[in-house]
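Each value in this text was obtained by applying a stated rule to the coordinates, not by laboratory testing. Since this is a predicted model, take the numbers as computed values, not measurements. Here the Cβ positions follow ideal geometry from the backbone for every residue, glycine too, while neighbour counts run over all protein chains shown.
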Amino acid sequence: EVQLVQSGAEVKKPGESLKISCKGSGYSFTNYWIGWVRQMPGKGLEWMGIIYPGDSDTRYSPAFHSPSFRGQVTISADKSITTAYLQWSNLKDSDTAMYYCATPSLVGGRIIRIDHWGQGTLVTVSS
Amino acid sequence: QSALTQPPSASGSPGQSVTISCTGTSSDVGGYNSVSWYQQHPGKAPKVVIYEVSERPSGVPDRFSGSKSGNTASLTVSGLQAEDEADYYCSSYADSNNLGVFGGGTKLTVL
């Protein structure tokens with residue numbers, strides 16, 4: 001059974017850094033894309049980025065990796081412990097959201113569906 | 001503002017059918033067959049119910065069906081049941097974002 005288990009809820013202050021995790025099990029972690037989806041309070045879903053742990057190929061949604069985006073996010077993975085990460089260097093109030101890790105299926109380079117989801121990590125940023 | 005437009009709410013009585021629309025452009029929904037739909041119950045992670053416009057993952061009841069016409073995709077839930085009450089999100093590959101874009105979500109209420 002595929003499982004994605006995320007780290008617990010976090011409460012941080014603006015300007016702080018943070019790294020949350022997602023441990024995959026029950027499948028070949030190295031050979032499948034894994035990524036992060038943001039859901040702001042009462043809002044819809046947004047892809048942030050995905051990574052292929054086998055070769056660390058990483059793709060970001062334009063909204064989360066533009067040169068002007070302060071508090072830039074970084075997606076990484078450690079295949080030795082089958083864990084993916086999402087980190088911030090400079091949190092903002094607007095980063096308050098639920099963050100889901102998820103495994104998308106790609107065909108021809110396009111995501112056709114999201115097969116598995118973690119339970120979500122709630123990040124609250126407040127002074 | 002979401003890239004894809006969904007009605008904020010939809011409703012139907014048990015046993016009835018309801019259709020939720022998802023409108024985009026020729027650069028996303030209309031240009032590709034990579035449209036998927038997700039069901040999200042309160043406090044839970046989403047779950048895929050339709051992918052590639054009309055394909056149903058194993059385990060999803062055949063009461064769920066999908067279609068597309070031009071720049072608009074649709075999700076139909078037939079024989080509504082109480083457990084179908086949830087938020088539904090569409091998603092599509094897009095020229096503007098190679099990871100895909102989502103709709104704003106539709107809250108389906110079973111009356």
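When you restrict to C-alpha pairs under 8 Å that are six or more residues apart and normalise by the size of chain B, the relative contact order lands at 38 percent.
The order of A:98, A:40, going from fewest to most other C-beta atoms within 10 Å of their C-beta, is A:40, A:98.
If you run the Gaussian network model on chain A, springs between alpha carbon atoms under 10 Å, then out of A:81, A:50, A:20 the most flexible one is A:81.
Sorting A:65, A:116, B:41 from the fewest to the most surrounding beta carbons within 10 angstrom yields B:41, A:65, A:116. Going from the residue with the fewest nearby Cβ atoms within 10 Å to the one with the most, A:112, B:50 rank A:112, B:50.
Per residue of A:99-112, other chain Cβ atoms within 10 Å of the residue Cβ number 4 on average. Segment B:66-87 and segment A:3-79 have Cα centres separated by 29 Å.
Shown for chain A is the translational diffusion coefficient from the Stokes-Einstein equation, using the Kirkwood radius over Cα pairs, a temperature of 20 °C and a viscosity of 1.002 mPa s: 146 µm²/s. Partners of residue A:43 within straight-line reach, counting aspartates and glutamates whose Cα lies under 15 Å from its Cα and excluding those fewer than 8 residues away in the same chain: A:95, B:87. Working note: Debye formula, equal point scatterers on the alpha-carbon atoms of chain B, no solvent; log10 I(q)/I(0) at q = 0.15, 0.19, 0.20 Å⁻¹ is -0.56, -0.90, -0.99. Between the amide H of residue B:3 and those of B:102, distances stay under 5 Å, these residues lying 5 or more places away or on another chain, with hydrogens modeled in the peptide plane.
The value for the protein assembly as shown of Rg(Cα) / (2.2 N^0.38 Å) is 1.00.
Comparing A:38, A:59, A:113 in a Gaussian network model of chain A (Cα springs below 10 Å), the most mobile by mean-square fluctuation is A:113.
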